[in-house]
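Worksheet for the structure shown next.
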Amino acid sequence: MSRRLTEKLVETAGLTRIYDKVMDGRRLDANDGLALYENPNLNAVGALANIVRERMNGDKTYYVRNQHINYTNVCNKGCKFCAFYAQKGGPDPYTMSIADVQNRLRAHLDVPIKEVHMVAGINPKLPYQYYLDLLRGVKAIRPDVHIKAFTCVEIAEIQRQANKPLPEVFAELKEAGLDSLPGGGIEILSERVHMELFGRKLSGDQWIDISKAAAEAGLPQYATMLYGHIETIPERVEHLVKMRALQDETSHFVTFTPLSFHPEGTQLAGLPHPTGDGDLRNIAISRLMLDNFQHVKTFWIMNTPQVSQLAQWYGADDLDGTIHEYEITYKDGEQGNKQQVLTRPQLVNLIVEAGRTPVERDSFYNQVVRPDAEDELNDPVRHDEAARKAAVPLAMAN
Ligand code: SF4
């Protein structure tokens, strides 16, 4: 969009003051965040976010070839927004052995996966050694893979099991193979929401303390915000401002991902489902408020591939990845139109169709260059084979 058209659009929407701040590179404050949430002109909010997105990342949209492993759904936290954990009338309990996890990895050894993402429930029967073995077991099968694992809630449980100071635990986890911590675990930094929805998990202050300890241990981390449940708009803005302040202090966050809440199968099943407007608006406002986060992701598995295409013009520069075996949000067969795996050609097509330039990345946004990448994209047999494997039926933690 030309500068004149953008100026006209934001003027019509009454957002000229925020536009001037964006153009000057000045930081938006909480009142600006509220004004953006309350403004009915989503396209004007998106156009502002697109200015920042293109300034920071050009027309690139990143994706990664990754595999998710949710090693147990046994959990003693009982979060009201969660459909993943084993409970009466819900999913059956499971805990993967190290061999189970290795078999999952072996099933996709022909895919050049760069990252294994592991989060799970809080199973109090798993000893400290399990977590060390889990990391070593992954590296034994895939020595070069980046392991992003354990939210701050899992880290708190691991420390409880280890009965050692946190710096020592982090050092041992790193030695066993841990490369970074995922987002999640706090959902939204509001004590009211914490007490109402997930009171058995860490408080916001405890989550921040563990996050700071991870930064001190040299572990990068990813950040999220779960929206669309009982939180208020001011609480969303407060979350963004607190995350930004933490990043000012630590600089250890790599990416921010707004996550839409899906009520099906949870104790909050009567709440409305996410909407395209809500998903695009939260991505756009995250991009505008979080001036010290280099990347904002649209998590296609929650936002749908279609909304994620649009999101690339509303602030998002990352589509996440191929995501083999994500068992958190949806269960087998429940949502026929919600996929849990995209092949690389499918991801690339989503980005190209949206008018952006696809860039395969590693966990730190270094470009992955593969000599046979074009051949793979243009080879229908390999494409079909990848799609067939991806079609294995698959099925929220932390
Ligand atoms: S969100 Fe995580 S901690 Fe909460 S019940 Fe689900 S698995 Fe357990």
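Points to keep in mind about this one:
- Local charge for Glu191 was computed over the other residues whose Cβ lies under 13 Å away, with Lys and Arg +1 and Asp and Glu -1, and equals -3.
- Beta bridges per DSSP with both ends in the chain, % antiparallel, nearest 5: 5
- Point-to-point label distance, Gln206-Arg192, nm (Cα→Cβ direction, 7 Å offset): 2.2
- Net dipole in debye of region 43-396 [+1 Lys, Arg Cβ; -1 Asp, Glu Cβ; about Cα centre; nearest 20]: 440
- Furthest towards positive pole of dipole, Pro93, Pro182, Pro258, structure part region 43-396, Cβ charges: Pro93
- The slack between Asp110 and Leu34, meaning 0.36 nm per residue of separation minus the straight C-alpha distance, is 22.6 nm.
- Computing FRET efficiency as 1/(1 + (r/R0)^6) for Ala171 and Thr232, where r is the C-beta to C-beta distance and R0 is 51 Å, gives about 0.80.
- With both labels modelled 7 Å from their Cα along Cα-to-Cβ, the Tyr94 to Thr250 distance reads 3.1 nm.
- Alpha-carbon centroid distance for the pair region 90-111 / region 221-251, whole angstrom: 32
- For the chain: Kirkwood Rh in Å [reciprocal of mean 1/r, alpha carbons]: 21.5
- Relative contact order, percent, region 1-79 [alpha-carbon distance under 8 Å, six or more residues apart]: 28
- The string of couplings for region 130-135 from the Karplus curve (6.51, -1.76, 1.60, θ = phi - 60°) is 4, 5, 5, 5, 4, 5 Hz, one whole number per residue in order, with x for Gly and Pro.
- Total formal charge among the other residues, if their Cβ is under 14 angstrom from that of Asn50, Lys/Arg +1 and Asp/Glu -1: +3
- Residue-count net charge about Pro124 - beta-carbon cut-off 15 Å; Lys, Arg +1, Asp, Glu -1: +3
Since every read-out is calculated from the coordinates, none of them should be taken as a lab result. The structure presented is a predicted model; accordingly, all values stated were derived computationally and were not measured. With ideal geometry, Cβ positions are generated from the backbone for all residues, glycine too; neighbour counts draw on all protein chains shown.
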